[in-house]
Each structure stands twice: as structure tokens, then as C-alpha cells.
1. Looking at the range 124-134, is at least one residue buried (at least 24 other Cβ atoms within 10 Å of the Cβ) and touching a strand residue (DSSP E or B) at 6+ places or on another chain (Cβ under 7 Å)?
2. What number goes with the only condition from (1) out of contact with any Lys or Arg (no Cβ under 6 Å at 6 or more places or on another chain); (2) crowded, with 19+ Cβ neighbours inside 10 Å that Pro151 does not pass?
3. When the residues of the range 34-60 are narrowed to those that are crowded, with 19+ Cβ neighbours inside 10 Å and over 20 Å from Ala125 (Cβ atoms), which ends up modelled with the highest pLDDT?
4. Inspect all residues belonging to the range 89-105 and state whether any of them is at pLDDT below 80, buried (at least 23 other Cβ atoms within 10 Å of the Cβ) and not charged (D, E, K, R).
5. Can you tell me which condition Ser5 does not meet? The list is (1) farther than 16 Å from Leu93 by Cβ; (2) at pLDDT 85 or above, and all the others hold.
6. For the range 227-256: of the residues being modelled with pLDDT under 85, surrounded by 15 or more Cβ atoms within 10 Å (Cβ to Cβ) and of a type outside the set (D, E, K, R), which is farthest from Gln148 (Cα to Cα)?
7. Is it true that some residue in the range 206-226 is at pLDDT 75 or above and acidic (Asp, Glu)?
8. Which one of the conditions (1) among the aromatic types (Phe, Trp, Tyr); (2) modelled with pLDDT of 85 or more; (3) open to solvent by 20 Å² or more (accessible area, probe 1.4 Å) does Phe174 fail to meet, given that it meets all the rest?
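The values are calculated or read from the model by the stated rules, or taken from the named source; none is laboratory data. Keep in mind that what you see is a predicted model, and the values were worked out from it rather than measured. For neighbour counting, all protein chains shown are included, and Cβ atoms are generated from backbone atoms with ideal geometry for every residue, glycine included. Keep in mind that these areas ignore ligands, DNA and RNA; they rest on the heavy atoms of the full protein, side chains included. Shrake-Rupley method; radii C 1.70, N 1.55, O 1.52, S 1.80 Å.
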Amino acid sequence: MSLMSYLLAALFLPLFPFSAAFNALYGRAGNTALRAALLLAWPQIGIALIRTADGPPPDWLLPLALATSALYAFRALALRELGQWTAYLATSLWALLWLAGPGEPAVGSAHLHALGMSAPLALVALLTGGLEQRFGAAYTGLYGGLAQTLPRLSGVLVGAMLASVALPLFPAFFTMLALLLTSTPAMPAASFALLGIWLLWSWAGARMIQGLVVGPVNPDMPEYRAADLGSGSAWAYAAALMALTIGGLFLIGDLP
């Protein structure tokens, strides 16, 4: 029964090749709200399944989790479409929730750590929907200079993406720090792998931001005439990011 629970959990805390299920489902979900809901709920199901297991996960699951996370972090570097980038980053983040130790998919409050990883991604998904409504797609290189033409949307998008790649003071930063401090005594090699994956996230996020937000403005492109995010919506996104920052500070208590 334990093995079956872990195999089912591998769908929701995605491990390769089971990770293909989430990415396919996310790609088929055309509704922005549905995508955001998937990002919030998917890892919570995996944690609940792991807690029904009778024993610790098999030893081979932990190296597979690191390999899965590294694979999707590396693949995110080459992506130009923001929706697919969000799904791949989610897969890379959630796979690391297996690394805390026997019987627990995350350090301390597992559900809160998973929520802290997923909430910024849900914000990115909602903002991706806004880009798709304005321009028909959310590809890097398709349009540039959004920071000049849509400053409010660009500002909250950059904030949500930085939170997603575990910038300091956001919840994922403290989750990664807790995983690093936990794995260092038992698995020094895992610590180096975690640092490498973290670097890949930052690199992938910087490339995506550069392709969407930075650059010269072409007055002939549609973004020159698109409406910016309303001030009320911008403040709501900013409040959500501030709440994530404050929430991240509560995870300091899980540091060993």
C-alpha cells in the first residue's frame, strides 16, 4: 500500500516520467482561473497521499526527485512561452518537496511550504492570461519594452516571477534554505545539486523577464496601444506579493 501511495504521489509531486501528466493537463487547461487552481491544489494532493503511506519513501525516489527538478529547471531555460515556463518551473519546485527526509515530503509544515511555492506561480498564471488577452500569446521576443508601455502589469509580473524562483524573503526561499540545511549533514552532494537547481531557476527567470519586459518599444506593435493593468488590480497583486513576503517570514521557524 505504501508503494502505491508513493507512486500516486509521484503524479502530484511530479517525478519523471509521471511529471508529464501535470504538464499535459496544464497545457490543455485553457482557462486562466483553472490553471491557477491547478497550481495551488496539485501539490497539496501529493502531500496528502504521502501522509497515507505506512513507511518512508523508497531510496530511489530521492535521487529521482533531484534529477527531475534539475531536468525541468534546465528545460525552462530554453522556453519562450510563459505558460509552459510556469508549468515546468512548478514541476521543478514541487519535485524538491521529497527531499526533507523519511516520511515527510517537506520540512515542517508541508502544506504551507507547498502553498508558498505555488502561490507566486498562480499569480504568474493569472498575469499570463492578461498578456494572452491583450496580445493573443505570451512569448518572449514577440513584443518588447513592456516595462515602458505597461508598467503596472510589468511590475507585478516581475515581482511574481522573482517570488517563483525563490528570491530572498519570499516563501520558496525559506523552503530552499531549510532543505539545504537539512540535506547538508546527510547528503552533501544533494546540497550542491540544490544550489545548481536554484541557479538554473534564477537564470531561467532572468531570461524570461528580459524577453518580455526589457527592450526597446516598437510603436507599430500592438502592446504600444494595449491597456495597462488597472490601478486597483495592480494594488491587489502588490498586496498578494506583500502577503507572500510576510508569510515567508513565518517559515523561518522551520529552519533547523
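1. The answer is no, given that none of the residues of the range 124-134 is buried (at least 24 other Cβ atoms within 10 Å of the Cβ) and touching a strand residue (DSSP E or B) at 6+ places or on another chain (Cβ under 7 Å).
2. (2) is the only condition that Pro151 fails.
3. By that ranking, first place goes to Ile47.
4. Among the residues of the range 89-105, at least one is at pLDDT below 80, buried (at least 23 other Cβ atoms within 10 Å of the Cβ) and not charged (D, E, K, R), which makes the answer yes.
5. The one condition Ser5 does not meet is (2).
6. Among those residues, the one meeting the criterion is Leu251.
7. No, the range 206-226 contains no residue that is at pLDDT 75 or above and acidic (Asp, Glu).
8. Just one mismatch for Phe174, condition (3).
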